[in-house]
Amino acid sequence: MARKFRRVLAVETSCDDSSVAIVSSDGEVEVCLSAHQDLAHAPFGGVVPEIASRNHTDHLLPLIEVSLQKSKRSWDDIDGLVVTARPGLLGSLLVGVVTVKSLALSLSKPWVGVNHVHGHLLAPFLRDEEYAPPKDFAFPYLALAISGGHSHLVLVEDWKRMKVLGHTLDDAAGEAFDKFAKMAGLGFPGGVEVDRWAKQGSKVRYVFPRALIHDDHLNFSFSGLKTAASRVLSGMSPDEIKVNMADLCASYQEAIVDALLAKCELAMDRFRQRRMVLTGGVSANSRLRQRAQDLAAERGWVLAIPPIRYCTDNAAMIGLVGLRALERGEFSLATEGPRPSSQPGDFL
Ligand code: KG4
Ligand code: ZN
């Protein structure tokens, strides 16, 4: 008989955010606390793996302690532990996995290591005081999971069965934003800056390529866009770039949004879906949200975009994936460790 898990404590350390959450069996997030490292990596213009794992070792145990205090829970209230075990930076994953494994062994509680991307894909089912999934939201749905590390188009059939329909052939969508921001002198991570500048700019002043947009498959490619932008920027002086920043950002951003939504529309029609999810850090992009909402209204789709706190990397989404896995009787063994990539069986 399936065992009831009242709530789990979850840990996420796959990249540069350390996060801890307590999630109860109905998907309620009792607490979710994260320590970001943007300032530590900013001088290098990208995430430095060694710095990321060192920061996780400093942040993780205090985050666990404060999460229990803030939610007024003790270990007696926690029925299982969950951790992101793959994919991600190995040194970062190791900190979370070893910590959770040690806690599980010493507290005699079950634990499970889960796939980080599953977390992004199932995040719309989380709930808290301010967010609940849209009415009528259910499986199956098409999800666009876009962040600094991944860009996947996935058909989510239920809590476990997920089929990757398309993915990026080179850079992730977030990388495309971040690399452009770096070239234009906007700092790291740059997606949010590009979004801010783009609000006052012309979307058509610069013409950037929309790669693969008319091809009959569901993959993305952003490296040609990055090269085109690099060519435009290298023909301009720093002052010219500054003066034209809003137009550059708006035109570049529009090319990414066009490419992403063209493939969503193709996938929604091809797989006859009527529910769509935008998730991952890039789904914070205001233009993408607006365009996706307009498209959903026009096509009669139900669109779910989790709040930004559950779109960017967070332990709440990991907790929900693990909770459902534990309920199905799927536990990890002490011999199981972190993996840099997804494993066979993670996706159909
Ligand atoms: O999911 P996330 O927090 O971490 C990863 O797993 O990568 O995503 C971070 C990515 C970065 O590339 C960042 O530039 C991008 O999300 N991002 C945005 C915006 N906010 C964050 N990209 C475009 N527009 C935004 N408003
Ligand atoms: Zn992520």
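Quick look at the numbers
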{"item": "Residue in segment 74-87 that is under 29 Å from Phe220 (Cα atoms), out of contact with any strand residue (DSSP E or B) (no Cβ under 6 Å at 6 or more places or on another chain) and small (Gly, Ala, Ser) present", "result": "no"}
{"item": "Residues satisfying the stated conditions in segment 317-348, i.e. of a type in the set (Lys, Arg) and either under 20 Å from the mean Cα position of the chain (by Cα) or within 14 Å of Leu122 (Cα to Cα) (or both)", "result": "Arg324, Arg339"}
{"item": "Test: residue in segment 255-263 that is of a type in the set (Asp, Glu), modelled with pLDDT of 95 or more and within 13 Å of ligand 1 (Cβ to nearest atom)", "result": "no"}
{"item": "Selection count where residues are within 12 Å of ligand 1 (Cβ to nearest atom) and either under 16 Å from Asn314 (Cβ atoms) or at pLDDT below 95 (or both), scope segment 271-295", "result": "7"}
{"item": "Strands (runs of 3 or more DSSP E) enclosed by segment 81-191 - at least 3 residues per element that are under 14 Å from the mean Cα position of the chain (by Cα)", "result": "141-146, 151-156"}
{"item": "Residue ID - farthest from ligand 1 (Cβ to nearest atom), chosen from residues in segment 196-208 that are crowded, with 20+ Cβ neighbours inside 10 Å and outside any loop (DSSP other than H, G, I, E, B)", "result": "Trp197"}
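The values are calculated or read from the model by the stated rules, or taken from the named source; none is laboratory data. From a predicted model like this one, the values you see are computed outputs, not experimental measurements. Cβ sites come from the backbone with ideal geometry, for glycine too, and all protein chains shown count toward neighbours.
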